[in-house]
Amino acid sequence: MFLCRETELQKLNRRFNKSQMECVILYGRRRVGKTALINEFVKDKPVIYFPALNTNAKDNLTALSKAICAYLYPDTGTAPVYGSFDDAFAEITRITQTKRAVFVIDEFPYLAKADSSIPSRLQHLLDHDWKDSKLFLILCGSSMSFMEKEVLSSKSPLFGRRTAQFRLKPLTYLDAAKFHPELPPETNALIYGITGGIPHYINKLAVKSNLKEALLENFFDTSAYLFEEPENLLKQELREPAIYNSIIAAIANGAARLNEISQRTGLETAKCAKYIYVLTELGIIQKIKPITEKAERKTLYKIADPFFRFWYRFVPGNMMNISAGTIARNYDAAIGSYLSAYMDPVFEEICRQYLIYYADNLPFAINEIGEWWGPDPSQKKEARLDIVALASKENNTQAGRRFIIGSCKYKNEKTDTDELYLMQRYASLFTNTNDECFYYIFSKSGFTDALLEKQEKGEVRLITLGEMY
């Protein structure tokens, strides 16, 4: 069953129905659902589907020849190999002169790596032979850096030739819940916190009704697919996976500043920064700073990918029991009892998504959203706000700026008025008396009567996890 990505599918179909030449760039991290989207799009259309191989040019030419032959002669088991890529592309030119057809090059970076002339060849074809054809070309890739630098950037031969581009991102928390609409919000929130909204991982985790059973069978087992997935991804994407692994592990264990990460990994600061940049490009690591700050000195790093964060939080420290097959006996003490704390930053991300995509009747259109931290002089400690959202200049008042201030509580007890008072005090540390603040509190377990009274008076907006789903 095909779930989500309805918007992308509609846009692709609209373009296909126009019958003019299209060059669509489709990219996103591995397992995010690119191939599933393409398969759904082409299922009722004539298609030449060529999955490029991570090998040499000769093998790729053979694979392309088979793809063309499968389109021309679907009942033939063998396929002649074209003499060159030019010959193969000439056949596609002939096919699409009068007939609408989709030509998919999946994992395009593999093909370009095998033959560096391919981007220039495609540029020439798009400018000349294919310009007035009925071709619907899709170039798909999982290497984010390659697709952005070697296909979409101004330095690429293909620059300016695309007619559309789609960067597939992980599903939002609410879209991820469509895989298990029968499960309660708390379970779906945990599934999102483990898989990060990656459809392939949601399917592999295969939660039926009991999350613990699914984790023990499909994650905390040395033979399980998800158990080795982070290591496999690093090997596929990076030349020095061991170094990147050490950086991710350092961040997972509390190192947040560049100098801290450098010290824990033993890497020189400049070299460490380059590796972190690569992990940031892959979406594994995220660079953050207080939303109201511009100074780089306050920059922190955190694991942005929930799947990596979950793996590094619970697998290395429990490796002995996982390898021995005894993790089921220790699950509650070693994993289950820590899930609520693990979910704190995940819940914050869910709340931000709610404000961006799903909240109704916000006081203003959000222009920027993030978190804030800074010194609290009166308490001589660091203050932190889970969510700070800014209005655009047009949505500010003449008197001052407008903010949404949010707090996210993933606790088993109801949230009380002290949380509102704390938010108000922290907000005063970076706002002026003329600024306007709107307070939102999100809670897994609801609110006390005293805080509900504050909502009735218009002092705060209270949102439960159930409402968010």
Meets criteria (outside any loop (DSSP other than H, G, I, E, B), in contact with an Asp or Glu (Cβ under 7 Å, 6 or more places away or on another chain), under 30 Å from residue 181 (Cβ atoms) and not assigned by TED's automatic domain parsing to the domain that holds residue 200) for residue 26: no
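Would you check if there is a residue in the range 153-166 being within 18 Å of residue 5 (Cβ to Cβ), of a type in the set (S, T, N, Q) and not in a strand (DSSP E or B)?
Applying the first criterion (within 18 Å of residue 5 (Cβ to Cβ)) to the range 153-166 yields 164-166.
With of a type in the set (S, T, N, Q) added as a condition, the list becomes 165.
Add one more test, that the residue is not in a strand (DSSP E or B), and what stays is none.
No: zero hits.
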Residue within the range 454-466 that is without any contact (Cβ under 8 Å) to a residue 24 or more places away in the chain, assigned by TED's automatic domain parsing to the domain that holds residue 359, assigned to a helix (DSSP H, G or I) and closer than 18 Å to residue 363 by Cα present: yes
Count - residues of the range 260-281 that are within 14 Å of residue 145 (Cα to Cα) and among the polar types (S, T, N, Q): 1
Test for residue 466: is it under 29 Å from the mean Cα position of the chain (by Cα) and either surrounded by fewer than 15 Cβ atoms within 10 Å (Cβ to Cβ) or within 17 Å of residue 389 (Cα to Cα) (or both): yes
Residues being at pLDDT below 95 and farther than 27 Å from residue 234 by Cα - total across the range 291-329: 8
All helices (runs of 4 or more DSSP H) inside the range 224-283 with 3 or more residues being modelled with pLDDT of 95 or more: 241-252, 258-265, 269-281
Residue match in the range 114-128 (condition: buried (at least 19 other Cβ atoms within 10 Å of the Cβ) and either modelled with pLDDT under 95 or not in a helix (DSSP H, G or I) (or both)): no
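The values are calculated or read from the model by the stated rules, or taken from the named source; none is laboratory data. If you're wondering where the values come from, they're calculated on a predicted model, not measured in any experiment. Note: ideal-geometry Cβ built from the backbone for every residue, glycine included; neighbour counts use all protein chains shown.
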